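S.K.: Here it is, the structure, as structure tokens.
The values are calculated or read from the model by the stated rules, or taken from the named source; none is laboratory data. These numbers come from a predicted model, not from an experiment. Every residue, glycine among them, receives a Cβ derived from its backbone with ideal geometry; neighbour counts consider all protein chains shown. These area figures cover heavy atoms from the full protein model, side chains too; ligands, DNA and RNA do not enter into them. Shrake-Rupley method; radii C 1.70, N 1.55, O 1.52, S 1.80 Å.
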Amino acid sequence: HRDLHSFPTRRSSDLISLIVISVFVNTLVVVFHNYIVLQDAKITADMENSQLKAANAEASNQLLRQQIHPHFLFNALNILKSLYKIDPNAAEEYLICLSDFLRAAVSNNNIKIVQLKDEIKLCQDYLRMQKIRFGDALICSVSIGEVMLESGFVPSFSIQPLLENAIKHNELTEEFPLSISIKQDTDRIIVSNSLRLKNIPEASTGSGLANLSERYRILSNDEVQIETNETTFSVSIKVLDHKVTI
């Protein structure tokens, strides 16, 4: 009789256990499902955020180019006019460099990544023009191996603005010349300049380096390395593989 009386109790206990287990399993399923949904939403949000940053970086880059060219061209034409009056040969050399520089700048306007040799050619044309303009007040050097020049890639207009910033923000005199170097360090390019800031700084948005850093972060997750001390300012950027795209 005791066994018969205990049977409903066992059934009730088993039923309660089954309900508890069922509720627990269902709760785990709901929690796990919500976790997956949240993770998927986070991944989607991160991707959209990266895409927005990439679009913003490229838009900023295009705007930067549009701002540089008219200002640069206005100054270049004034310099050219002055050179023809005092040194026609220098003016001819300046005009050739200006022509090559503008041709490369225009042809690369919509290209996100260029061969390192093309970016360096752009820089050399720019530096030759500045050398004609400033003479012994500017010292320039480029030291990059042929293999890297031929096989390496960098974002378009990534190095030339660094040179322009150096000239824009520092004093250039024959007594204290501005020294600018572009050199290879393993898989990176280091652009450095001597530091002698102008007493009255020129207006600047300060967005150039931030834009370059963001473009590199999106391209390769690599950091643009900036170092400065009392005498030198330098920026180091990684040379990219041609397979990397924005």
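S.K.: Quick one: what pairs do we get from the range 218-240, first residue within 26 Å of ILE167 (Cα to Cα), second open to solvent by less than 80 Å² (accessible area, probe 1.4 Å) and of a type in the set (Ser, Thr, Tyr), C-beta under 6 Å, 6+ apart or different chains?
M.R.: Taking only residues 6 or more apart or on different chains, the pairs are VAL224/SER213; VAL224/TYR216; GLN225/SER236; GLU227/SER234; THR232/SER192; SER234/SER192.
S.K.: Further question on the same structure: Out of the residues in the range 103-119 meeting the condition of being among the polar types (S, T, N, Q) and at pLDDT 70 or above, tell me which one is nearest to GLU146 (Cα to Cα). Write out each step before concluding.
M.R.: We begin by selecting, within the range 103-119, every residue among the polar types (S, T, N, Q); these are 107-110, 115.
If we keep only those that are at pLDDT 70 or above too, we end up with 107, 115.
Working: SER107: 23, GLN115: 12 Å.
Filtering the range 103-119 for residues that are among the polar types (S, T, N, Q) and at pLDDT 70 or above, the one nearest to GLU146 (Cα to Cα) comes out as GLN115.
S.K.: Turning to a different aspect of this structure: So THR173 ticks every box in (1) over 23 Å from the mean Cα position of the chain (by Cα); (2) open to solvent by less than 30 Å² (accessible area, probe 1.4 Å); (3) not aliphatic (A, V, I, L, M) but one. Which box is left unticked?
M.R.: With (1) over 23 Å from the mean Cα position of the chain (by Cα); (2) open to solvent by less than 30 Å² (accessible area, probe 1.4 Å); (3) not aliphatic (A, V, I, L, M) applied to THR173, the lone miss is (2).
S.K.: Looking at this structure, is PHE134 among the aromatic types (Phe, Trp, Tyr), within 23 Å of the chain's Cα centre (by Cα) and in a helix (DSSP H, G or I)? Explain how you work it out, then say what you get.
M.R.: Working: among the aromatic types (Phe, Trp, Tyr): yes; within 23 Å of the chain's Cα centre (by Cα): no; in a helix (DSSP H, G or I): yes.
Here the answer is no, as PHE134 does not meet what is asked.
S.K.: Within the range 146-168, does at least one residue satisfy the condition of being open to solvent by 50 Å² or more (accessible area, probe 1.4 Å), within 20 Å of ASP185 (Cβ to Cβ), modelled with pLDDT of 90 or more and outside any helix (DSSP H, G or I)?
M.R.: no
S.K.: Additional query: Restrict the check to the range 182-191 and report whether at least one residue is open to solvent by 10 Å² or more (accessible area, probe 1.4 Å), assigned to a helix (DSSP H, G or I), over 27 Å from LEU95 (Cα atoms) and out of contact with any helix residue (DSSP H, G or I) (no Cβ under 8 Å at 6 or more places or on another chain).
M.R.: Within the range 182-191, not a single residue is open to solvent by 10 Å² or more (accessible area, probe 1.4 Å), assigned to a helix (DSSP H, G or I), over 27 Å from LEU95 (Cα atoms) and out of contact with any helix residue (DSSP H, G or I) (no Cβ under 8 Å at 6 or more places or on another chain).
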